[in-house]
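What follows is a set of notes on a single structure, which appears directly below.
The values are calculated or read from the model by the stated rules, or taken from the named source; none is laboratory data. Since this is a predicted model, take the numbers as computed values, not measurements. Note that we place each Cβ from the backbone using ideal geometry, even for glycine, and neighbour counts take in every protein chain shown. Surface accessibility is based on the protein's heavy atoms, side chains included, excluding ligands, DNA and RNA. Shrake-Rupley method; radii C 1.70, N 1.55, O 1.52, S 1.80 Å.
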Amino acid sequence: MPATILRRLAQSVPTLFIVVTLSFFLVRLAPGGPFDLERPLPAAAMENLRRVYGLDQPLLVQYGRYLAALVRGDLGPSFSVRDLSVAELFARGLPVSMTLGGLALLVALLLGTGLGVLSALRRGSWLDHAVTTLGTFALTVPGFVVAPLLQIAFGLSLRWLPVGGWDDGAPRNLVLPVATLALPQVAVIARLARAGLVEVFDRPHWRTLRALGLPPRILALHALRGAALPVVSYLGPAAAGLLTGSVVVETVFGLPGIGRYFVDGAINRDYTLVLGTVVLIAVFVLVLNLVADLACALIDPRSRDVG
C-alpha cells in the first residue's frame, strides 16, 4: 500500500504540471487584460501597473516566475481584488465551498445509496421505475434551472427559506444550495448502487442464498460491500467538484465561495485568481481520486493490482 501511494503521488506531479502549463497559456491567450477598464487608464499608469505585477516581462519569463512561486506555495496577488492575495481569497471562500460540498456529498451518499438499495431489492417494480425516472430527470435538468425553481417555490412563493446569501452559514441559508448541488449526485449514486447490487444478486451463490429463503434485507446488507466499488470510485471526482465549489450554485445564491471567485476572476481577467482556482481543483481531484482508490483497495483487495 505505501508503494502504491508513492507511485500515485509521483504520477500526480507531471499531471499537475501539464494542467498548470496549459491553463497558464490558455488564460493569457484570452482577449483583454486585468487592467482593461471602460475608461482606459493613462498610458503611464498602465505601464506602471504592468511593471508592478510583472506583466511587462516576456511570457516565458512570467511562466517561469509563476512556477517558481507555485513551488513555494505562493499563488500570487489578485489583480482584481486590491491588497489581497489569491491565497487570502481562498482562505475566505474555501470554508464556504467545503461546507456546501461536504453537506451535499453526505446527503447524496445517504439518499442515493438508500434509493439504489430499494431499487435493486424491488427490481422491475413501480418503485424501481420511479427511481430510474427521477434519476434521469435529476441528471438532465441543469443546476441553473433547478436553483431558480427552488428559489421561486420555497423562497418567493412559500417564504420558507431565504433565496440567497450566506449569513455565516446559517442552516436556513444552506438548504436550497445544498439541495441543488446534491440532486444530480443522488441520481448518479443511486444508479451506481443499484447496478452494483443487481450484479451481485445475479451471481450464482447469491441466487442460491435467495432460494434458501435468506431475507432480502440481510442479502442487501452483506452485498453492499461488493457493490460499493463503483460508488466509492465515483466519489473521488464528485467530492473534488463539490468541495471546491459550484460556479452556478454559488453565483445564483450569492455565496462567497471558490466558484464565485472563479467567475469574478474570469470576468475581470484576473490571471492569478483563475490559475489558482484551477490549481486548487486539480489538487483536490488528484488527492481525492487517490483516497478513493485506496478505499477501493481496502474494500476489495483484488483492485490493488489494477493500474
task = Name every residue in segment 42-98 that is touching a strand residue (DSSP E or B) at 6+ places or on another chain (Cβ under 6 Å) and in contact (Cβ under 8 Å) with a residue 60 or more places away in the chain, in order of residue number.
result = PRO77
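Tell me, please, whether a residue that is part of a loop (DSSP other than H, G, I, E, B) and either in contact with a Phe, Trp or Tyr (Cβ under 9 Å, 6 or more places away or on another chain) or on the phi < 0 side of the Ramachandran plot (or both) can be found in segment 15-32.
Step one: of segment 15-32, the residues part of a loop (DSSP other than H, G, I, E, B) are 30-32.
Narrowing the set further to residues that are either in contact with a Phe, Trp or Tyr (Cβ under 9 Å, 6 or more places away or on another chain) or on the phi < 0 side of the Ramachandran plot (or both) leaves 30-31.
Yes, there is a match, as at least one residue in segment 15-32 is part of a loop (DSSP other than H, G, I, E, B) and either in contact with a Phe, Trp or Tyr (Cβ under 9 Å, 6 or more places away or on another chain) or on the phi < 0 side of the Ramachandran plot (or both).
Looking at LEU156, LEU127, can you tell me which residue is surrounded by 14 or more Cβ atoms within 10 Å (Cβ to Cβ) and more than 24 Å from the chain's Cα centre (by Cα)?
On the way: LEU156 fails: surrounded by 14 or more Cβ atoms within 10 Å (Cβ to Cβ).
Exactly one residue qualifies, and that residue is LEU127.
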remark   = Per the filter on segment 47-104, residues within 30 Å of ASN173 (Cα to Cα), over 23 Å from the mean Cα position of the chain (by Cα) and open to solvent by 70 Å² or more (accessible area, probe 1.4 Å) are ARG82, ASP83
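Within segment 38-49, is even one residue polar (S, T, N, Q) and over 15 Å from GLY276 (Cβ atoms)?
In the first step, residues of segment 38-49 are kept if they are polar (S, T, N, Q); the result is 48.
From the residues that got through so far, the ones that are over 15 Å from GLY276 (Cβ atoms) too are 48.
Looking for residues that are polar (S, T, N, Q) and over 15 Å from GLY276 (Cβ atoms), one finds at least one in segment 38-49, hence yes.
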ask   = Of the residues that make up segment 143-150, is at least one under 26 Å from ALA195 (Cβ atoms), among the hydrophobic types (A, V, I, L, M, F, W, C) and modelled with pLDDT under 85?
value = no
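Can you find a residue that is out of contact with any Asp or Glu (no Cβ under 6 Å at 6 or more places or on another chain), within 23 Å of LEU150 (Cα to Cα) and either among the basic types (Lys, Arg) or modelled with pLDDT under 85 (or both) anywhere in segment 265-273? If you could, list the steps in order and put the result at the bottom.
The initial filter retains those residues of segment 265-273 that are out of contact with any Asp or Glu (no Cβ under 6 Å at 6 or more places or on another chain), namely 265-273.
Of the ones still in play, those that are also within 23 Å of LEU150 (Cα to Cα) are none.
For segment 265-273, residues out of contact with any Asp or Glu (no Cβ under 6 Å at 6 or more places or on another chain), within 23 Å of LEU150 (Cα to Cα) and either among the basic types (Lys, Arg) or modelled with pLDDT under 85 (or both): absent.
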